[in-house]
Amino acid sequence: MWQEKNPIEALRWPQHVRLPIIISVHHQAEEGPFVFPDGQPDPFDFSERQYGGRRGAWRILEILERHNVRGTWLICGATLEKYPEISRAVKKAGHAIAGHAYQHEFMCNLRPDEELAVMRKTVSVFEDRLGERLRGWRTCFASHNTVDLLLEHFAFEWDGSRSNDDLPYIVEGHGRELLEIPFFAPGDPAYAAQITQPFSPPSAYSTWTSAPPEFTLRSYKAVFDALYERSAEKTCVFPLTVHDFITGRPSRAKVLDSFIAYVKQFKGVVFTTHDELAGWWRANYTGIGTQDP
C-alpha cells in the first residue's frame with residue numbers, strides 16, 4: 001500500500017516562473033483502436049490513429065520546435081517500434097520522454113501481473129530501441145494497482161496517470177517516493193471508439209468531428225486565463241494534453257500553434273517538461289504532511 005503526502009507549507013516554483021505549462025504529447029499512433037468481437041480492430045478507428053505516426057506527430061514536433069518549446073512525449077512501446085524515427089527526433093530536440101504502455105492497453109481491465117508485464121515490456125523497448133531510461137510514466141486508464149506497481153517494481157521519478165488534483169503531490173510506498181503530476185485534457189482527448197461502436201452515440205469529447213477548432217482554442221484560452229489570474233496569488237500549473245492523431249491534424253495543429261503564440265505574451269509563463277517540474281518540486285518544497293490516499 002501507499003500513502004499520499006501533502007504539503008504543510010506553500011509550494012513555490014522558481015522565482016522567474018509564474019505559470020508553468022507542460023504540453024504532453026500522446027504519441028500512440030495505431031495503438032488502442034476499438035476491437036470488434038472477432039478480434040479485428042475497427043479499420044476506421046485504426047486509420048484515424050495511424051495518422052499520428054504518418055503525419056500528426058511530425059506536425060506537432062515542428063510547431064514546438066518553431067516556438068522553441070519543450071514538452072513531454074508520452075510514447076507507447078509499440079509506437080516506438082513502428083515509428084522509431086519520430087522518437088529519435090523527439091529525443092534529439094530535447095523533449096522529455098515517458099512511457100505510455102505498450103499498445104495503449106486499458107490497464108484498468110488487466111490483472112496486476114498482466115499490468116506489470118506491460119510496464120516491463122514497455123520499459124525494455126525504450127532501453128533497447130532508444131537507449132532511454134524512462135524517468136516518468138503515464139498509464140492508459142490506470143487501475144487500482146497502478147501506483148503500487150510503479151512504486152514496488154520501478155525507479156520512476158514521476159507518474160502522470162491520475163487527474164485528481166490541480167497540483168503535484170508525493171505518494172510513498174514500498175520504500176520509495178513518487179511524484180504524481182496530474183494531467184488535464186480540456187478539449188483534445190477524442191477516442192474514435194466512441195463514435196464507431198454501434199451501441200454508443202457520438203460523444204461530445206470526439207472533438208475532431210463534434211467541436212470546431214475555434215471552440216477548442218477558446219477552451220484552451222479560458223483555462224489559461226483562469227489559471228494565470230489565480231497564479232498571481234496561488235501556485236498553479238497548466239498540464240495540456242494533446243494526441244498525435246487529433247491535434248496533429250492541420251486545423252487542430254493551427255489551434256496549438258495559435259495557443260502557444262497567445263500565452264507567450266504573458267510574463268512569467270514558462271513551458272517546461274515533467275522531468276524539469278519534478279526537479280523544481282524537490283528543490284522548492286520541504287514541508288510534508290502525510291495522509292491516506
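Laboratory data are not the source of any read-out in this text; all were calculated from the coordinates shown. Predicted, not measured: the structure shown is a model, and the values here were computed from it. Cβ atoms come from the backbone with ideal geometry, glycine included; neighbour counts cover every protein chain shown.
Miscellaneous remarks
- Looking at the chain alone, DSSP beta bridges between its own residues are antiparallel in about 40 percent of cases.
- When each of Lys82/Lys254; Lys92/Lys254; Lys82/Lys264; Lys5/Lys92; Lys92/Lys264; Lys91/Lys264 is checked by Cα-Cα distance, pairs over 29 Å: Lys82/Lys264; Lys5/Lys92
- GluC sites (Glu not before Pro) restricted to DSSP loop in the range 92-179 with at most 12 other C-beta within 10 Å: none
- Overall, the anisotropy analysis places the range 22-284 in the rounded class: the square-rooted eigenvalues a ≥ b ≥ c of its C-alpha gyration tensor yield a/c less than 1.5.
- Estimated distance in nm for a label pair at Arg54 and His16, the labels positioned 7 Å out from Cα along Cα-to-Cβ: 4.3 nm
- Amide N proximity, the range 239-274 versus Glu229 label position 7 Å along Cα-to-Cβ, cut-off under 19 Å: 239, 262-269
- Cβ-derived FRET efficiency at R0 51 Å, Gln40 paired with Leu167, nearest 0.05: 0.75
- A cut-off under 11 angstrom between Cβ atoms defines the neighbours of Ser143, and their net charge, with Lys, Arg +1 and Asp, Glu -1, is -3.
- Eligible aspartates and glutamates near Lys121 by straight Cα distance, threshold 14 Å, same-chain separation 8 or greater: Glu81, Glu105, Asp113, Glu132
- Straight-distance crosslink candidates among aspartates and glutamates, where the alpha carbon sits under 12 Å from Lys234 and sequence neighbours closer than 8 are dropped: Asp166
- When you count the other C-beta atoms within 10 angstrom of each residue and take the mean per peptide, 230-240, 84-94 line up highest first as 230-240, 84-94.
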